[in-house]
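Working notes, structure below.
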Amino acid sequence: MNWKKNLRMLGLVVFLVSMLSLSVAAVGSLRFEEVKIDGTVVTDVDSSTPIVLAREKDSKIEIRIELKSGEDLNDLDLEAVMRGYDHNDRIEDYVGAFDVDANVTYVKKMELKLPIRMDKDVYRLRIRADDRAGATFQRDYLVKIESDNHKLWLKDVIFNPESYVKAGRALLTTARIENIGQSDEDGLKVTASIPALGISASDYIDTLDEGDTITSEELYMRVPVCAEPGDYEVNIAVAYHDGDDTEKVTKTITVVEGDVCPSKIAPGDGSSEPATEKTIISIGATSQDVTAGQGGSIYPITLTNQGSSAKTYSVAVDVPGNWATYQVSPSNVAVVKSGETATMFVYISAKENAPAGENAFSVTVSGDGEELKQVLLKANVVGGEENETASASGWERVKNALEIGLVVLVVLLVILGLVIGFQRLKGDEGDDMGKTYY
């Protein structure tokens, strides 16, 4: 019985060996008739050791393989890999499973992405064919990875605060940049912008040597106080090589509702000047003294556009009773960009016949043709009609006093003349009494 069992075991071993030999023979009959990398025909390492291709970082290479087998093959897998890259994003591609008929040429294409973090070095590209039985056919090719003469990599972008920012607060942005090219760079311009909010900031980096990494200064952007809550795209760009090349990255920041938007402040909470949505209107002193017929007073009006786009503002003045003239400087119309402030000055001059005391006039501010605010301003006119009457009566008193003084002066002069005359007459009589007559 033992010899029968041993005979069966021997037959199984012979069968397995024969099947394995057939599989090896089948895969062994497979050959790569031509291999191209990005259109360049390459030879395998077994026949020579050339550097077959130089590629830039952060790019893709296309592999085209013509293969043929002397035997029929079933469920063939084809794989292309590059090893020696010390990161998780592996460099490989795969085609399978497919059948191969004997003496028929097949064309298969694969694509490998070369990560930007790859070191500049020589790598071994392995193209391997496997069937279900585990037999393998492999060829190796050498690929040299190089870089452009001028090439930067925006490695990272950091926001402060990181995930969201309140409207009205500052967003600080820093960029981490590596020079992966073959030349030193100078005069790098780093720019961060949020186009939807109309804000941006820039800074310069003097030099960045080949292979070095640097972090930019913090780029300061103030989010408008009335910015709508939501997600906004933040564009970060680095211009270099005298502005000929630019690296760009787009990130997202969330803007949440702030607590300083004037349109959201309830009446009576201490706000001095309520404003319409997205516009802050501030007016200086609402009452000033004005001298009738002499100069005038200036009332400044400050407009801050907190909207997401430019606005056209206009100021209109109404003087009831026509007691004064006015002028708006530098103009009664101003275009204010998003986030910017403009000041317009209303100049009021009271006429000579303006009534003394408090007089009122109104100022209306409009934005893009829509009335935003109307405010009543006052001017306290001095030197008017009542003052003129008082001045006239005072002048009369002065004139009367001068007339009385003149009369007194004349009387004194007359008395003085009489005294002098009497003294001279008395002197003449004394001379006559001292003479002797014969």
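A short reminder: the numbers here are calculations on the coordinates, not readings from a lab. In this text, all values refer to a predicted model and were calculated from it rather than measured experimentally. When we count neighbours, we look across all protein chains shown, and the Cβ atoms used for this are built from the backbone with ideal geometry, even at glycine.
A few comments on the model shown:
- Backbone HN-Hα couplings from phi across the stretch 199-209 [Karplus 6.51/-1.76/1.60, Hz, Gly and Pro as x]: 10, 7, 7, 9, 7, 10, 10, 5, 9, 8, 6
- Per-peptide packing, taken as the mean over residues of other Cβ atoms within 10 Å, places 209-220, 141-152 in the sequence 141-152, 209-220 from highest down.
- Applying 0.36 nm per residue to the separation of Val333 and Asp119 and subtracting their alpha-carbon distance, the gain on full extension is 71.0 nm.
- Note that the stretch 156-161 has calculated 3J(HN,Hα) couplings of 7, 10, 10, 9, 9, x Hz, one per residue in order, obtained from phi through the Karplus relation 6.51 cos²θ - 1.76 cosθ + 1.60 (θ = phi - 60°); glycine and proline are x.
- Efficiency of FRET from Cβ geometry, Val256 and Arg128, R₀ 45 Å, rounded to 0.05: 0.25
- FRET efficiency for the pair Asp156 and Lys60, taken as 1/(1 + (r/R0)^6) with r the Cβ-Cβ distance and R0 = 25 Å, rounds to 0.60.
- Subtracting the Cα-Cα distance of Val407 and Asp368 from their residue separation scaled by 0.36 nm leaves 6.7 nm.
- Whole-Hz couplings from phi, Karplus 6.51/-1.76/1.60, listed for the stretch 287-300; x for Gly and Pro: 9, 9, 7, 9, 8, 4, x, 9, x, x, 10, 10, 10, x
- Multiplying the residue separation of Glu146 and Asp101 by 0.36 nm and removing their Cα-Cα distance gives an extension gain of 12.3 nm.
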